[in-house]
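First up is the structure itself, then whatever we jot down about it.
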Amino acid sequence: MRRLLVALCAAALLVPAAADARSVPPGFFGVMADGVLMTRDDASFAHEFALMKASGVETIRPVVYWSEMQPERGGPLITLSLDRLMAQAARNGLRVVPVVLRAPEWARVQPSNFASPPRDPQDFAAYLKAMIARYGPGGTFWAENPDVPARPQRVWQVWNEPNLDRYWSSPKPFAKDFVALQRVAYRAIKEADPGATVVLAGFGNDSWNALEKAYDAGLNGRMYDVAGMHPFSGRVANVMKIVRLNRRVMNRNGDARKPIMVTEITWPSALGTPATTTTGFETTEAGQARKLTEAYEGFLRKRRAWRIQSVIWSTWLTSDMNSTNSFDWSGLRKLNPADPAGDPLDKPALAAFRTLALAAQR
């Protein structure tokens, strides 16, 4: 017992030094928490979050669909799914960066089009305020769940890839109307929680051009705190180039001091499967791990120069079967084909992620 106490005391003395030795800020290594993960039973769901924590994940990014949470105008929020996620994130000390998008039918410009943006940005603003009232400082979620460690939600990402039809079908061009939404959303979030962080949507494809168009339409640094980025490419060198081009656009428009979150990055291990969503982008499981390592090492080298706060892998868990969508092979873990309801399997990319994350956090 005496030896155990001495060992524990020695370990305690080492904690501040270890914390000081971190090479990345808290939250740098992240994953998307979405897709099949959200369908797991409670025990499996809790297990996955504990495994995230043990693997060096410090940030998760869930997809929050307004259409699912408020399908009726003026109706109460349907929060069961997000409540479960927020509880597990809090229990494991994970920062949450929810991306909030997809207007309900009653709020859309084109009611029958699921990708149609909101007709009135004030409807979206009211929804954001309701979200903060539940999950933000003093939120009802924390009051209703005293067994959950209180970690009020202070970060919100407004929309996803609004330059693409999949997320912003009309009106076109997107920039003027998206900037109007961003302006109203930023104001609403800050009114509800002045200390909140507002993350600008990551743009898709030639994202640097879309970002420039948003600036031309009136975007400025008083409408966001952090810029989201989605630098997708088959080649890691081009991923780095995309972030560099976005950084230049920000600098040129007076936002050189604004930080960046890479809110999505991935390579699906879908090579040789029926999936063809991103032809030329797919790789093997070994190639996925190799590209993940190369990309994160590149971002670690450029972290300070480009002011990168976080890099979020998309995604934690995928099915890796029975789909033509390449991104259904993008997880660090996959369902077991012999027992899909059982414990998922690690892919080589998880070991690569864990090695990098834990080394940087020592």
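Every read-out reported here was derived from the displayed coordinates using simple, explicitly stated rules and does not represent laboratory data. What you see is a predicted model, and the numbers here were worked out from it, not measured in a lab. All Cβ positions, even for glycine, are placed from backbone atoms using ideal geometry, and neighbour counts span all protein chains on display.
Kindly work out what percent of the DSSP beta bridges joining two residues of the chain are antiparallel, to the nearest 5.
On the way: 3 of 31 bridges.
Taking every DSSP beta bridge within the chain, about 10 percent pair in antiparallel fashion.
Positive contributions from Lys and Arg (+1) and negative ones from Asp and Glu (-1), summed over other residues with Cβ under 11 Å from the Cβ of Pro25, come out at +4. Within straight-line reach of Lys53, meaning a Cα separation under 20 Å, sit the following aspartates and glutamates at least 8 residues removed in sequence or on another chain: Asp20, Asp34, Asp41, Asp42, Asp83, Asp147, Glu264, Asp343, Asp346.
Measuring nothing but how far apart in sequence close Cα pairs (under 8 Å, 6+ apart) lie, relative to its length, the chain scores a relative contact order of 17 percent.
Determine the sum of side-chain charges near Leu245: Lys and Arg each +1, Asp and Glu each -1, restricted to other residues whose C-beta is under 12 angstrom from that of Leu245. Please report the intermediate quantities before stating the final value.
On the way: positive: Lys241, Arg244, Arg247, Arg248, Arg252; negative: Asp206, Glu212.
With Lys, Arg at +1 and Asp, Glu at -1, the neighbours total +3.
Most tightly packed first, judged by the mean number of other beta-carbon atoms within 10 Å of their residues, the peptides 60-69, 34-43, 308-317 read 308-317, 60-69, 34-43. In a reduced charge model with +1 at each Lys and Arg Cβ and -1 at each Asp and Glu Cβ, the range 269-362 shows a dipole moment near 760 debye about its Cα centre. Whole angstrom only: what separates the Cα centroid of the range 20-85 from the Cα centroid of the range 232-309? Spelled out, the Cα-based centre of one part sits 22 Å from the other. Pull out a ≥ b ≥ c, the square roots of the eigenvalues of the alpha-carbon gyration tensor of the chain, then state rounded if a/c is under 1.5, prolate if not and a/b is larger than b/c, and oblate in the remaining case. Note, shape of the chain comes out rounded.
Run the dipole for the chain about the Cα centre, Lys and Arg Cβ at +1, Asp and Glu Cβ at -1, nothing else charged, and hand back the magnitude in debye, nearest 20.
Values: 45 positive and 34 negative charges, 328 e Å.
Its charge dipole is roughly 1580 debye.
Give me the net charge for the shell around Trp208: Cβ to Cβ below 11 angstrom, other residues only, Lys and Arg +1, Asp and Glu -1. Taking every Cβ under 11 Å from that of Trp208, the sum is +4.
Candidate cross-link partners of Lys172 among the lysines, defined by an alpha-carbon separation under 17 Å and a same-chain spacing of 8 or more, comprise Lys213. The residue among Ser55, Gly136, Leu37 whose Cα reaches farthest toward the positive pole of the charge dipole of the range 34-141, with charges on the beta-carbon of Lys, Arg, Asp and Glu, is Gly136.
Around the Cα centre of the range 62-229, unit charges on the Cβ atoms of Lys, Arg, Asp and Glu (plus for the first two, minus for the last two) sum to a dipole of about 200 debye.
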